Amino acid sequence: MSETSRFRSLEDGHGALKGAQTAWDMLSEEQMQKHITTGCEELDAILGGGIHCKEVTEVGGVPGIGKTQLGIQLAVNVQIPVECGGLGGKAVYIDTEGSFMVERAHQIAEGCISDLLDNTAHRLKDFPACPERLQPNSFLANIFYFRICSYTEQIATINYLEKFLEEQKDVKIIVVDSITFHFRQDFDDLALRTRVLGGMSLKLMRFAKKYSLAVVLLNQVTTKFVEGSFHLTLALGDTWSHACTNRIILYWNGNDRHAYIDKSPSLRSATTPFLITGKGIRNATSHCKRVRMM
Ligand code: ADP
Ligand code: MG
């Protein structure tokens, strides 16, 4: 392209400026942003409505704190029908640790459905097709499960995902449980590891924006002994995770589970307790354990 035609194309608004958006557009988009409820109203409240679509959220915490439970809960809750205030979407669950339990997913789906029937029966009357969809098995059928056994498989799956998402337009959440597992075990070249993980999370962020879906990366937290005391650090540090927009840390406070907003461009850091019940993630403080309606 000659210098003159390059200038002309810039003046026409082509080239680099073509995709520009005004701050007003961005604000309106943010106000219309969709969220996926966690099942715990207090956690939704500190998250500004729930897990954000179009963004990457990293969830860190020690083993047994409830990361996988939250991942399964979100894969179920993303399916709450639009008539009941949900997204009516589908989920991709990428399991690197082998900790996804289908029986538990069934139980969490039953819990979600029973709360929906309790709380939105009046709305469901107007949507006769809805109760048919409100079956635990239909919820399981809308979770696309990928079992990943090595980091090469993980890279290949994330690369393949774009094609999959083109075909499955209803996917509204991708859960990776966990993002770092295989990279902790079989990866010796640290610089390369950081680059590969960083590239993967950037790619997932692109999917989040392009397909308006939420990406949730579960990550182990390890304890490190520094200057005489123990500190919690995310597995493999956080140099690779620049792409993560939000970070939630789940932790024990005595015998109680708590969630803490550790990093977010738009949310204040805040803490809330939460429970894991037979039905799934729920409020810790209220006896009214209902799925939040938006
Ligand atoms: P992480 O993925 O952070 O290692 P998990 O999500 O696997 O942890 O959480 C496991 C914990 O969830 C269990 O130790 C238990 O306390 C709780 N949990 C799992 N299933 C149930 C259930 N049906 N009822 C109550 N709590 C449960
Ligand atoms: Mg787990």
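Do we find a residue being over 15 Å from K279 (Cα atoms) and outside any helix (DSSP H, G or I) anywhere in the range 99-119?
Yes, because at least one residue in the range 99-119 is over 15 Å from K279 (Cα atoms) and outside any helix (DSSP H, G or I).
Determine whether K224 is surrounded by fewer than 17 Cβ atoms within 10 Å (Cβ to Cβ), of a type in the set (K, R), more than 15 Å from ligand 1 (Cβ to nearest atom) and modelled with pLDDT under 70. Reasoning before the result, please.
Details: surrounded by fewer than 17 Cβ atoms within 10 Å (Cβ to Cβ): yes; of a type in the set (K, R): yes; more than 15 Å from ligand 1 (Cβ to nearest atom): yes; modelled with pLDDT under 70: yes.
It is true that K224 is surrounded by fewer than 17 Cβ atoms within 10 Å (Cβ to Cβ), of a type in the set (K, R), more than 15 Å from ligand 1 (Cβ to nearest atom) and modelled with pLDDT under 70.
Mind checking which residues of the range 40-72 are part of a loop (DSSP other than H, G, I, E, B) and within 21 Å of D170 (Cα to Cα)?
Narrowing the range 40-72 to residues part of a loop (DSSP other than H, G, I, E, B): 40, 47-50, 53-55, 62-66.
Passing the criteria: G49, G50, C53, K54, E55.
F183 - would you say it is farther than 16 Å from V59 by Cα, in a loop (DSSP other than H, G, I, E, B) and touching a Lys or Arg at 6+ places or on another chain (Cβ under 7 Å)? Spell out the reasoning first.
Details: farther than 16 Å from V59 by Cα: yes; in a loop (DSSP other than H, G, I, E, B): no; touching a Lys or Arg at 6+ places or on another chain (Cβ under 7 Å): yes.
Criteria not met by F183.
Test L140 against the stated conditions and say whether it is in a helix (DSSP H, G or I) and either under 27 Å from K210 (Cβ atoms) or away from ligand 1 (no atom under 16 Å from the Cβ) (or both).
Details: in a helix (DSSP H, G or I): yes; either under 27 Å from K210 (Cβ atoms) or away from ligand 1 (no atom under 16 Å from the Cβ) (or both): yes.
Judged against the criteria, L140 is a match.
Go through (1) part of a helix (DSSP H, G or I); (2) closer than 20 Å to N142 by Cα; (3) not aromatic (F, W, Y) for K209 and report which single condition fails.
The failed condition is (2).
Quick check on my filter: what residues within the range 158-216 are at pLDDT 90 or above and aromatic (F, W, Y)?
Scanning the range 158-216 gives Y160, F164, F181, F207, Y211.
Specify the residue that is nearest to ligand 2 (Cβ to nearest atom); the eligible residues are those in the range 67-90 that are touching a helix residue (DSSP H, G or I) at 6+ places or on another chain (Cβ under 9 Å) and among the small types (G, A, S).
A75
Which ones in the range 73-98 are in a helix (DSSP H, G or I), out of contact with any Phe, Trp or Tyr (no Cβ under 7 Å at 6 or more places or on another chain) and at pLDDT below 95?
V82, C84
Return the total of residues in the range 42-73 being within 9 Å of ligand 1 (Cβ to nearest atom), surrounded by fewer than 20 Cβ atoms within 10 Å (Cβ to Cβ) and aliphatic (A, V, I, L, M).
Summing the residues that are within 9 Å of ligand 1 (Cβ to nearest atom), surrounded by fewer than 20 Cβ atoms within 10 Å (Cβ to Cβ) and aliphatic (A, V, I, L, M) in the range 42-73 gives 1.
Here are the criteria: (1) closer than 24 Å to K279 by Cβ; (2) within 18 Å of the chain's Cα centre (by Cα). Tell me which single one I94 does not satisfy.
(1)
Cβ-Cβ distance below 6 Å, separation of 6 or more or different chains: which pairs start in the range 74-101 with a residue that is closer than 22 Å to L43 by Cα and touching a residue at least 12 places away in the same chain (Cβ under 8 Å) and end on one that is polar (S, T, N, Q) and surrounded by 24 or more Cβ atoms within 10 Å (Cβ to Cβ)?
From residues that are closer than 22 Å to L43 by Cα and touching a residue at least 12 places away in the same chain (Cβ under 8 Å), the pairs are N77/T37.
This table checks each residue for (1) out of contact with any strand residue (DSSP E or B) (no Cβ under 7 Å at 6 or more places or on another chain); (2) within 16 Å of ligand 2 (Cβ to nearest atom); (3) of a type outside the set (S, T, Y).
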site: E42; (1), (2), (3): no, no, yes
site: V59; (1), (2), (3): no, yes, yes
site: V62; (1), (2), (3): no, yes, yes
site: V92; (1), (2), (3): no, no, yes
site: E103; (1), (2), (3): yes, yes, yes
site: G111; (1), (2), (3): no, no, yes
site: L116; (1), (2), (3): yes, no, yes
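The values are calculated or read from the model by the stated rules, or taken from the named source; none is laboratory data. Quantities reported herein were computed from a predicted structural model and do not represent experimental measurements. Every residue, glycine as well, gets a Cβ built from its backbone with ideal geometry; the counts of neighbours run over all protein chains shown.
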